[in-house]
Every structure is written in C-alpha cells, then in structure tokens.
Amino acid sequence: MRKFPISICVLLLSLSLTACKENAPDTAADEKAIRDNEAAWNNDWKAKDPDKIVSHYSPDAVLLIANMPAMKGGDAIKSGIGPMLKDPHLSLTFAPTVVVIAKGDDMAYTQGIYTMTYTEPKTGLTLIEKGKYVTVYKKQDDGTWKAVEDIDNADSPATPAPASETPATKS
C-alpha cells in the first residue's frame, strides 16, 4: 500500500526536475550571444560607424573612458566618441577573456583585454595603448544583450607605435 504514494512522489519529483531543467536559462547560448556581440562590435569600431557602435549600448548606458567625462546615454556616447572616430590612426580591438551570466539570466558581464592605436592630439604621435575592460550587460525584452556599463583601464601609459604601424601621411 505504501508503494503507491512513494511512486507518485517519485514521479512528481521527476517531473518537477525535468520542468526545472527545461526552464533553466541556457547560459551557453547567452555566452555565445555576448561573445558574438563583442565580435560584431569590433567590426563596427573597425568601420568607425558611430551609429552601429552606439547600437551595442542600452539607451541609458554609461561609458567610462580615462581622461574623459562619463558619457551617459546614446547621444552622449556618440558625441564623446565622435572625435576619436575621425582619427585616421584609430584602431580598437577587444576580446573577452571571461563571460559571466548571472543566475537570473538578465545580467552578465565580460572582462577582457583591448588594444587601441590612436593619434595623441598634443604631439601628433601615433600611440598604442593596451589594457583591460569590464562591460556589464542587461538582457533586453527582445532577448538581445546590451551594454549598460562599460569601462576600460590602461595597463600602462601608451607607447609610440612602430613606424610600420603608422600609415604614411600625405605631404
């Protein structure tokens, strides 16, 4: 007689666990989506397309870059990076070394490394800066991930680019 209630309990427990697994967030898919997003973001920086660059941010995102005021919102970010994008030597590449998805599956962050080549405005020298970054993401209602906080930190002062990495200028 006791076997029947125990069997039902085992069945209900099994069904509950299966339902939990089916409703569990797919962190592998989310991690892939974020890594793919950062790869696309690199391409947008390479193309120097301000609209596409800003499209990776949520409307209320904050971008924190050294020696610049905090940029809050798409318009401020676009305005803040605008002068950078006009630099013919500008190159920015970055790659996540860590992607962490929160248990609630609505927040995540990446931590990674970057290399930026740019023209120093005061001296006209082409410099290379290497550093690390953290980007905090929030999952949007449509399931995409958008950056809400983005900060970088140089490993050391930028160094002059080798002559081979500096494009020739017209005389």
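Model label points for Lys46 and Gln111, set 7 angstrom from Cα along the Cα-to-Cβ axis, are 2.8 nm apart. Electrostatic tally near Lys78: other residues with Cβ closer than 11 Å to its Cβ, Lys and Arg +1, Asp and Glu -1, net -2. In this label model, Ser156 and Lys130 are separated by 0.9 nm, measuring between points 7 Å along each Cα→Cβ vector. Largest first, the extents of the alpha carbon coordinates of the range 26-165 on the three principal axes equal 48, 29, 24 Å.
Using the Cα centre of the range 26-165 as the reference point, and only Cβ charges (+1 on K/R, -1 on D/E), how large is the resulting charge dipole? Debye, rounded to the nearest 20. Show your work: numbers first, answer last.
On the way: 15 positive and 22 negative charges, 66 e Å.
For the range 26-165, the charge dipole is close to 320 debye.
Spin-label model, Ser91 to Asp142: label points 7 Å out along the Cα-to-beta-carbon direction sit 3.3 nm apart. Compute the label zone of Ala39 within the range 84-107: residues whose backbone N is under 18 Å from the point 7 Å along Cα-to-Cβ. Under 18 Å, as judged by backbone N against the label point of Ala39, lie 93-100 of the range 84-107.
Only the coordinates and a few stated rules stand behind these numbers; no lab work does. Being a predicted model, the structure only gives us computed values, none of them experimental. Glycine gets a Cβ as well: all are built from the backbone with ideal geometry, and neighbour counts include every protein chain shown.
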